[in-house]
Amino acid sequence: MSEISPSAGYTQTLRCELQQQPGTLGRLTSAIGEAGGDLEALEIVGHRKGIVIRDVSVMARDEAHARQIAAAARAVAGVEVVGVTDRIFEQHRNGKISVRSNIRVRTRDDLAMAYTPGVGRVSQAIADDAELVWDYTIRGNAVAVLTDGTAVLGLGDIGPEAALPVMEGKALLFKEFADIDAFPICVNASSADELVAVGRAIAPTFGGINLEDIASPRCFEVEDRLKEALDIPVFHDDQHGTAVVVMAALTNAARSVGKSLEQLRIVMLGMGAAGVACVELLNHAGVADIIGCDRRGIIHRGRDDLDDVKRAVANKTNRGHRTGDTAEAFRDADVFIGLSGPNTVDPDWVAAMGDPAIVFALANPVPEVMPERLPPNVAVVATGRSDYPNQINNVLVFPGMFRGLLDARATRVDLDTERAAAEALADIVTDDELSSDYVIPSPFDERVVPAIARAVRSQVTGAGAARKDNIA
């Protein structure tokens, strides 16, 4: 297997005391490089007689590799490592988000206007006309990031407390990319009933609910029931955010090889929340030829081991009624979409695909198959990683999606809305920009959030899913 590159997610700072002798710094940096570390910064932070104190920031592949780098530094003659700081934990100290006020309270008059007695007039007005809550409170720009902590990143069921740093991060991205006030709501909930009850109870505070890191199949039931019960959009990002960015990238990957979405034959490995949502959205967009696979091979109507979710997938996919193992599904396919786990795909399976082939190996951090191992028939490769071209990242979707939903004061979000978002994201990549290494824009492309927000707002208002008083 190809070696994973160092990542900013495993950055440490070594505080080193170096003897002021020629070559000491060179030996230190060489030792770090030979250990596979990626040197980020060297900073002098102090001196004393015959000693220079430096902070050395280094990226590693994982925690074990970080320890190896520190050990290599300690072994350098003339160097004493006096401290090791994990920069990730330091960044998270005391949390990543906070509440900031929009007005200043410096005088009694300020207090009387912002709080009692003035606030009572606003509360009474909302009691008389509930729609005024959208104009005179935070609700019109607020999203709840709701989780039970049962499927957090690749860590699994680690609980609501351990999920909190991730939900804080999601709230941070909402604010940074779309100026949305998002709040992490991490709850102890042992059933779908309890999660639905929480969602219903908190809804009056928020303009939308972003469900996050809820295990399958519970996530499907929770989303469906909250959508039915509430008059605000409920969006499970692990499902639909993934589906939108996959559809956008696939649209452009197909363009780059001279095909349309409708012409593609797709094999998809991984029928969890994201895989099921991708099937639904791609079907909705006109892709009819999809074969879904799980650990036991091709999903087809004749299998007697399918749960309700996979049975629904079987009924809308595999129009050729193929059976067999996953390798069989790859034969003559135009596209592989992986939403499963690391190293689950043999490069020989990919070699049996059409030419040119498109491979989206999206397991993270280790893809289903490393790009370096792919055969020459593959024309376009996408992963979930930032160190390869064409990163498939949900942050391309949810900020703009919710910006548009909130601006429209939407009452729901549906497949038409998701398709509009995907098409808007795909359209950002112009014909002049399009290449095999650039089928999806960067999350830092300033065109992304406004384009998706415009498309979502237009779709919502056109479909009559905006609050009546907000339709222009």
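The values are calculated or read from the model by the stated rules, or taken from the named source; none is laboratory data. Nothing here was measured: the structure is a model prediction, and the numbers come from that model. We place every Cβ from the backbone using ideal geometry, glycine too, and count neighbours over all the protein chains shown. Surface areas here come from the heavy atoms of the whole protein model, side chains and all, with no ligands, DNA or RNA. Shrake-Rupley method; radii C 1.70, N 1.55, O 1.52, S 1.80 Å.
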* Asked: Could you give the longest part of the chain that holds none of the GluC sites (Glu not before Pro) found in DSSP loops with at most 14 neighbouring Cβ atoms within 10 Å?
  -> 4-432
* Asked: Could you give me the ³J(HN,Hα) list for region 397-412, computed from phi with Karplus coefficients 6.51, -1.76, 1.60 and θ = phi - 60°, whole Hz, x at Gly and Pro?
  -> 10, 5, x, x, 4, 6, 4, x, 5, 5, 4, 7, 6, 5, 9, 7
* Structure fact -> Going residue by residue through region 67-84, the Karplus relation 6.51 cos²θ - 1.76 cosθ + 1.60 with θ = phi - 60° gives ³J(HN,Hα) values, rounded to whole Hz and with x marking Gly or Pro, of 5, 5, 5, 4, 5, 5, 5, 5, 7, 7, 4, x, 10, 10, 8, 9, x, 10
* Compute the length gained on full extension between residue 71 and residue 5: take 0.36 nm times their separation in residues and subtract their Cα-Cα distance, giving the result in nm to one decimal. => 21.8 nm
* Could you tell me which of the pairs 175/259; 259/316; 227/310; 227/316; 175/227 are separated by over 29 angstrom between their Cα atoms in the structure shown? => 175/259
* Structure fact -> Taking the chain and counting helices only, DSSP H stretches of n ≥ 4 at -39,500 (n - 2.57) each over all residues, the nearest-500 ellipticity at 222 nm comes to -11000 deg cm²/dmol
* Structure fact -> Amide H contacts under 5 Å for residue 318, restricted to residues at least 5 apart in sequence or on another chain and with H modeled in the peptide plane, are 290, 291, 292
* Separation of alpha-carbon centers, region 139-202 and region 48-89, rounded to whole Å -> 36 Å
* Asked: Rounded, prolate or oblate: which fits region 270-338, taking a ≥ b ≥ c as square roots of the Cα gyration tensor eigenvalues, rounded meaning a/c under 1.5, else prolate when a/b beats b/c?
  -> rounded
* Cα-based shape type of region 307-383, given that a ≥ b ≥ c are square roots of the gyration tensor eigenvalues and the cut on a/c is 1.5 -> oblate
* Asked: How many angstrom separate the Cα center of region 350-367 from the Cα center of region 387-461?
  -> 23 Å
* Which FRET efficiency, nearest 0.05, do residue 113 and residue 446 yield, Cβ-Cβ r, R0 41 Å? -> 0.70
* Structure fact -> Options (i) 23.2, 78; (ii) 25.4, 79; (iii) 30.4, 102 for Rg and Dmax of the Cα atoms in Å; the value derived from the coordinates is listed as (ii)
* Asked: What ³J(HN,Hα) values, in whole Hz, does the Karplus curve 6.51 cos²θ - 1.76 cosθ + 1.60 give for region 245-253 when θ = phi - 60°, with x put for Gly and Pro?
  -> 5, 5, 4, 4, 5, 5, 4, 6, 4
* Filter the trypsin sites (Lys or Arg not before Pro) in region 105-141 to those in DSSP coil with at most 12 other Cβ atoms within 10 Å of their Cβ, and list the result. => 106
* **Rounded accessible area per residue of the chain, 1.4 Å, Å²** => 47 Å²
* **Value of Rg/Rh across region 346-472 [Cα atoms, Kirkwood radius]** => 1.09
* To do: Report, to the nearest whole %, how much of the accessible area of the chain belongs to carbon and sulfur atoms, 1.4 Å probe, protein only.
  => 48 percent
